[in-house]
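Beneath this line is the structure, given in structure tokens, with notes to follow.
The values are calculated or read from the model by the stated rules, or taken from the named source; none is laboratory data. All values derive from a computational prediction rather than experimental measurement. Positions of Cβ are backbone-derived with ideal geometry, glycine not excepted, and every protein chain shown enters the neighbour counts.
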Amino acid sequence: MRDVTSYDVMVIGSGSGAEIVDAALQQGLRVAYVDRGPLGGTCANVGCIPTKMIIYPADVIMEVREAQRLGMRAEVRSIDFEAIMQRMRHLVEHDRQHMEISLRHPPENLDFFPEEGHFVDRYTLEVAGRRLRADKVFIAAGARTYVPPIDGIEQVGYLDNVSVLQLEKLPASVTIIGGGYIACEFAHFFSAMGSDVTIVQRNRYLAPQEDHEVSEHLAAKLRERMRVVTGAEVVAARKERNERVIVAHEVATGATHEFRSEVILLAAGRISNADTLQVANTGVEVDERGYIKVDQYLRTNVPNIWAFGDIIGRKMFKHVANREALFAWHNSQHDHMAAPDYRAAPHAIFTWPEVASVGLTEAEAKAQYRDILVGKAQYTDVARGIAMVEPESFANAVVDPETYRVLGFHIIGRHAPMVIQEVVQAMATGAGIDAISAGMHIHPALNEVVLRAFAHLHPA
């Protein structure tokens, strides 16, 4: 029988799982820290951090290209794609090395295992031939690219959110399969860099999780500089000379279309890494999509096993996973449980124009409430928006008419992720719209558009 090394706590995943490691070490507990790499998880290596480093130059390019609306004639004479990508990789590598150095001489009560592991029973993980057992297990091993059942896709070859960051040469053309936030952000990036971009999305809406009006406006703006095809399912792929060809069927009519490009980028969703961990050996249940099932306190059905982050498939954003980690640790240490409140979990799409959202969309609110109030404000309803010449950007508010608490808020336009934050704060504290209007807003600043949206409330 193999020897088993025992621990107080086992953490699988080095993204938001690091929050658990730090908390356990502060209490003097013996910790097994397991991660197949790269250290730091998805966000730091192949997600939010590197993508925003390359998207910001794309934003600047668009600012220059659209400067004419402000009475300026400017142009981008050249783009050093290789330098932009190298800068991103250098900064990611620098941060990862900093984390790796900290683990070369870990505390005596921490063992780090930079390999892939799998469960052999409820609380035992096998890693590189060693067996680790812990009293309490926290699973935060993330998710990976979902590969749809497209005939020929493996033979043709494709990029995903990992491999695309290793490009050294700008592709002349890119077809993106999928239409969520990853697809929209990379579409903006490649288009700004100079690639001919096509998005093919099965859903009738681009960014379908957004308010429908926001989604439709985003699609319209992106169509001004690329091809956006919605309501079409990709069924096959093939290679012809130096081109990759995808075949798509319109969902509504069955009509067939072909799209050609130098490269294909898959961005059709994510799939949980629970299967690679073989969580079935623990008795932990997963849902029909393969994500680990947890209750409101982030407990699995197996005592003393918690899960959080992308592997549970709720709100798949880094800031949400960090918050979930805090709750999971609290609930593992105390009898009085606490549940994260997802109603005030915001997110953003860093495309052009930017999108930011929190809470329920109008359609979702109508399905849950008998009556709601809605309000809309254009950016040009406030002085700063007029100065910016942003006639199409807007903010939508959804409010409970009985309590005047905000149910949802949605913005599409420049600086949306910053403008929405005061609404997030009000929702997180359970305050009504009066708490937002009670504070004086700097005039003329763009966040006055928040007040205007609430001033325009009316029954939906």
> Here is a list of conditions, (1) in contact (Cβ under 8 Å) with a residue 40 or more places away in the chain; (2) under 25 Å from residue 138 (Cα atoms); (3) surrounded by fewer than 16 Cβ atoms within 10 Å (Cβ to Cβ), and residue 334 meets all of them except one; can you say which number that is?
Replying inline: (1)
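Check whether at least one residue in region 253-263 is closer than 30 Å to residue 122 by Cα and aromatic (Phe, Trp, Tyr), and report yes or no. Can you show your working first?
Kept after step one, since they are closer than 30 Å to residue 122 by Cα, are these residues of region 253-263: none.
No; the residues of region 253-263 include none that is closer than 30 Å to residue 122 by Cα and aromatic (Phe, Trp, Tyr).
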> Does residue 455 fit the bill of being within 17 Å of residue 214 (Cβ to Cβ) and either among the small types (Gly, Ala, Ser) or out of contact with any Gly (no Cβ under 9 Å at 6 or more places or on another chain) (or both)?
Replying inline: no
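Quick grid of which residues meet (1) out of contact with any Pro (no Cβ under 9 Å at 6 or more places or on another chain); (2) hydrophobic (A, V, I, L, M, F, W, C); (3) assigned by TED's automatic domain parsing to the domain that holds residue 195:
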position	(1), (2), (3)
276	yes, no, no
279	yes, yes, no
294	yes, yes, no
303	yes, no, no
307	yes, yes, no
319	no, no, no
324	no, no, no
329	yes, yes, no
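Is there a residue in region 221-244 that is outside any strand (DSSP E or B), under 22 Å from the mean Cα position of the chain (by Cα) and not assigned by TED's automatic domain parsing to the domain that holds residue 139? Steps first, answer last, please.
Filtering region 221-244 for residues outside any strand (DSSP E or B) gives 221-226, 231, 241-242.
Remaining after also requiring under 22 Å from the mean Cα position of the chain (by Cα): 221-222.
Applying the additional criterion that residues be not assigned by TED's automatic domain parsing to the domain that holds residue 139 yields 221-222.
So far as region 221-244 goes, yes, one or more of its residues are outside any strand (DSSP E or B), under 22 Å from the mean Cα position of the chain (by Cα) and not assigned by TED's automatic domain parsing to the domain that holds residue 139.
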>> So, restricting to strands (runs of 3 or more DSSP E) that lie completely within region 350-412, which ones have at least 2 residues that are touching a residue at least 24 places away in the same chain (Cβ under 8 Å), more than 26 Å from the chain's Cα centre (by Cα) and crowded, with 17+ Cβ neighbours inside 10 Å?
In response: 373-378
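Confirm whether residue 60 is outside any helix (DSSP H, G or I), modelled with pLDDT of 95 or more and within 27 Å of residue 317 (Cβ to Cβ).
Numbers: outside any helix (DSSP H, G or I): no; modelled with pLDDT of 95 or more: yes; within 27 Å of residue 317 (Cβ to Cβ): yes.
Spelling it out, it is not the case that residue 60 is outside any helix (DSSP H, G or I), modelled with pLDDT of 95 or more and within 27 Å of residue 317 (Cβ to Cβ).
In region 359-400, how many residues are at positive phi and touching a strand residue (DSSP E or B) at 6+ places or on another chain (Cβ under 6 Å)? Show your work before the answer.
Keep residues of region 359-400 that are at positive phi, which gives 359, 389.
Among the residues that remain, those that are also touching a strand residue (DSSP E or B) at 6+ places or on another chain (Cβ under 6 Å) are: 359.
Qualifying residue count, region 359-400: 1.
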>> Please go through region 62-75 and give me each residue that is surrounded by 13 or more Cβ atoms within 10 Å (Cβ to Cβ) and within 16 Å of residue 413 (Cα to Cα), ordered by number.
In response: 62, 63, 66, 67
